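Structure in structure tokens, see below.
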Amino acid sequence: MAIKIALLGLGTVGSGVLKIIKNNQKKIKQTSGEEIVIKKALVRNPNKHKNVAKELDLTTDFMEILQDPEIKIVVELMGGLHPAKEYISDALNAGKNVVTANKDLMATYGSELIALAAKDRCDLMYDASVAGGIPILRTLSTSYASDMISEIQGIINGTTNYILSQMGEKGLSYDAALKQAQELGFAEADPTNDVTGKDAAYKIVILSKFAFGTKIGINDFTIEGINNLQDFDIKQAQKMGYVIKLIGIAKNIAGKLFVEVAPCLLPENAIMAHIKNEINALQIKSQSLGTAVFTGPGAGSSATASSVMSDVIAETSNYVKQINGKPFSNFSRIMKLTSSEDVKYPYYLSFDAEETLFTLSKLLSKLEIPVREIKRINQKTVVMTEEISRQQLQDLAIQDQYLRASYKVLK
Ligand code: HSE
């Protein structure tokens with residue numbers, strides 16, 4: 001008996017899934033216990049997919065999938081909140097197991113869909129929603145089952161990492177690097193969420209649930225992307241021995257949870273500083289394991305499809321054993337979020353050099369901001385601070401109109 005699945009969407013990831021199923025069927029059967037067959041694929045325009053029309057039953061009508069009792073697993077790869085949410089809810093209510101790569105959806109409606117899956121005794125898995133091909137969610141829910149995580153620092157958006165690498169190393173302009181990331185299939189259909197940090201924020205919301213058991217919303221923390229990052233800061237950081245990366249952080253600070261997405265400076269010899277282009281990395285600190293780094297392709301067709309297939313295979317073996325319906329992660333705990341006084345980091349500050357060094361130094365000293373280094377470069381002033389609280393930083397931003405950029409300096 002083959003397990004019949006349906007794909008919702010046949011874009012970058014969908015075509016990767018198709019290829020893996022076609023090429024690796026023998027191993028899939030050995031590992032899952034059954035042959036896996038794509039029975040139908042939902043597409044918007046079948047004319048665009050003529051190359052696969054012979055091997056696949058294409059449909060534009062979701063009801064054909066929903067009402068087909070042979071289809072046991074629905075794989076949602078359309079992206080976006082709607083109608084993905086409705087399709088997934090309908091599929092679960094019809095007793096079908098679901099795999100999705102949709103981080104926007106799982107970060108926004110995750111709790112609701114997880115509860116629905118439990119009620120319907122179906123699997124809902126979404127390993128591909130975070131860090132593309134890196135099997136991080138399954139690792140957190142299984143390998144870290146007994147460990148207490150204190151911090152996750154991640155490069156979890158391939159597009160922005162690609163842009164920053166190309167700007168920093170090849171001297172490409174922001175626009176040219178973004179265009180390449182789009183052509184290579186790393187960016188979202190609309191790359192706004194990539195460059196503004198929202199895509200990484202969705203992923204850190206999902207990671208926080210798996211790592212800390214705590215449900216947070218996208219509006220509960222600061223999100224800053226790379227769209228306002230200036231070439232000056234990238235070059236200046238390099239001169240000072242740092243690399244700028246867009247980092248998602250979720251950290252337990254004295255029992256409270258600190259979450260943020262923002263460009264940060266990393267020392268050029270740090271492991272994460274060497275993670276380039278579309279590669280993602282997650283540095284996890286935990287009580288038992290200590291520090292571990294997981295790295296691999298975070299975007300792109302075959303890498304993301306491989307994660308999707310690991311979920312399809314897990315659901316297939318659950319189906320074979322008749323044990324569908326267990327949550328992807330059981331960990332649940334309420335943690336308060338940190339306030340601005342709780343969080344301390346050293347900062348790189350960049351000022352428009354309209355004010356004298358004397359005035360700036362006086363203000364920094366008034367706010368008790370300890371300075372490690374202060375430099376006037378061309379028309380700007382750059383300050384490296386020792387550890388300061390976010391509250392001090394906010395006070396500085398209010399009192400100094402020339403502060404143009406502030407980035408955390410990580411170890
Ligand atoms: N646009 C996303 C990225 C795709 O660049 O990381 C993978 O989630």
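Work out from phi, with θ = phi - 60° and the Karplus expression 6.51 cos²θ - 1.76 cosθ + 1.60, the ³J(HN,Hα) of each residue of the range 44-61, listed in order in whole Hz, and give x for Gly and Pro.
Here the 3J(HN,Hα) series is 7, 9, x, 4, 6, 10, 4, 5, 10, 4, 6, 8, 10, 8, 8, 9, 9, 10 Hz.
Report, in deg cm²/dmol and to the nearest 500, the calculated mean residue ellipticity at 222 nm for the chain, where each DSSP H run with n ≥ 4 adds -39500 (n - 2.57) and the sum is divided by the residue count. Working shown, then result.
Details: 14 runs with 151 residues, N = 411.
-11000 deg cm²/dmol, from helical runs alone.
What order do you get for Ile114, Ile156 when you list them from fewest to most C-beta neighbours inside 10 Å? Intermediate results must be reported in sequence, preceding the final value.
On the way: Ile114 18, Ile156 31.
Ordered from fewest to most neighbouring Cβ atoms within 10 Å, Ile114, Ile156 come out as Ile114, Ile156.
Indicate the gyration tensor shape class of the range 175-284 (rounded, prolate or oblate), computed on the Cα atoms with a ≥ b ≥ c the square roots of the eigenvalues: a/c under 1.5 is rounded; otherwise a/b larger than b/c is prolate and the rest oblate. Spell out each step's value before the answer.
Working: a/c = 1.88, a/b = 1.28, b/c = 1.47.
Since a/c reaches 1.5 but b/c is at least a/b, the shape of the range 175-284 is classed as oblate.
Also, quick follow-up: For Val371, which sequence-distant residues (separation of 5 or more, or a different chain) have an amide H within less than 5 Å of its own amide H, given hydrogens modelled in the peptide plane?
Result for Val371 returns Glu386.
With +1 on the Cβ of every Lys and Arg and -1 on the Cβ of every Asp and Glu, and nothing else charged, how large is the dipole of the chain about its Cα centre, in debye rounded to the nearest 20? Each step should come with its number before you reach the end.
Numbers: 47 positive and 45 negative charges, 172 e Å.
Here the chain has a charge dipole of around 820 debye.
For Gly171, what charge total do you get from the other residues with a beta carbon under 14 Å from its beta carbon, if Lys and Arg give +1 and Asp and Glu give -1?
Net of charged neighbours comes to -1.
Further, regarding this structure: Sort Met106, Met78 so the one with the fewest other Cβ atoms within 10 Å of its own Cβ comes first.
Details: Met106 26, Met78 23.
If I rank by nearby Cβ atoms, fewest first, I get Met78, Met106.
Ok, one more. Taking amide H positions as placed 1.01 Å from N in the peptide plane, with prolines and chain starts having none, which residues 5 or more places from Ile38, or on another chain, fall under 5 Å of its amide H?
Ile5
A 18 angstrom limit on the alpha carbon distance is what I want to check against. Which of Lys245/Lys375; Lys285/Lys411; Lys19/Lys85; Lys209/Lys326 exceed it? Could you put the intermediate results ahead of the total?
Working: Lys245/Lys375 22 Å; Lys285/Lys411 13 Å; Lys19/Lys85 26 Å; Lys209/Lys326 16 Å.
Too far apart for the 18 Å limit: Lys245/Lys375; Lys19/Lys85.
Let me ask something else. Is the C-alpha gyration tensor of the range 1-134 telling us rounded, prolate or oblate? Criteria: a/c under 1.5 is rounded; beyond that, a/b larger than b/c is prolate, otherwise oblate. Let's see the in-between values first.
Values: a/c = 1.38, a/b = 1.24, b/c = 1.11.
It comes out rounded by the Cα gyration axes.
Please list, in chain and number order, the residues 5+ apart from Val243 or on another chain whose amide H is under 5 Å from its amide H, with Hs placed from the backbone.
Distant-sequence amide H within range of Val243: Leu266, Glu268.
To make sure I understand, if each residue's beta carbon is the centre and we count other beta carbons within 10 Å, what order do Ser141, Ser208, Ser361 fall in, fewest to most?
Working: Ser141 19, Ser208 24, Ser361 14.
Fewest to most other Cβ atoms nearby, the residues stand as Ser361, Ser141, Ser208.
Still on this structure, I have one more. So what's the angle, to the nearest 10 degrees on a 0 to 90 scale, between helix 198-212 and the longest Cα principal axis of the chain?
Helix 198-212 sits at roughly 80 degrees to that axis.
For the range 86-162, just say rounded, prolate or oblate: build the C-alpha gyration tensor, square-root its eigenvalues into a ≥ b ≥ c, call rounded for a/c under 1.5, and beyond that prolate if a/b exceeds b/c, oblate if not.
Numbers: a/c = 2.45, a/b = 1.51, b/c = 1.62.
Note, shape of the range 86-162 comes out oblate.
Show me, for the range 4-19, the HN-Hα J-couplings you get by feeding each phi into the Karplus relation (A = 6.51, B = -1.76, C = 1.60, θ = phi - 60°), rounded to Hz, glycine and proline as x.
Here the 3J(HN,Hα) series is 9, 10, 10, 9, 9, x, 9, x, 4, 6, x, 5, x, 4, 4, 5 Hz.
No value in this document is a laboratory result; all are computed from the given coordinates. Worth saying up front: this structure is predicted, and the values here are computed from it rather than measured. All Cβ positions, even for glycine, are placed from backbone atoms using ideal geometry, and neighbour counts span all protein chains on display.
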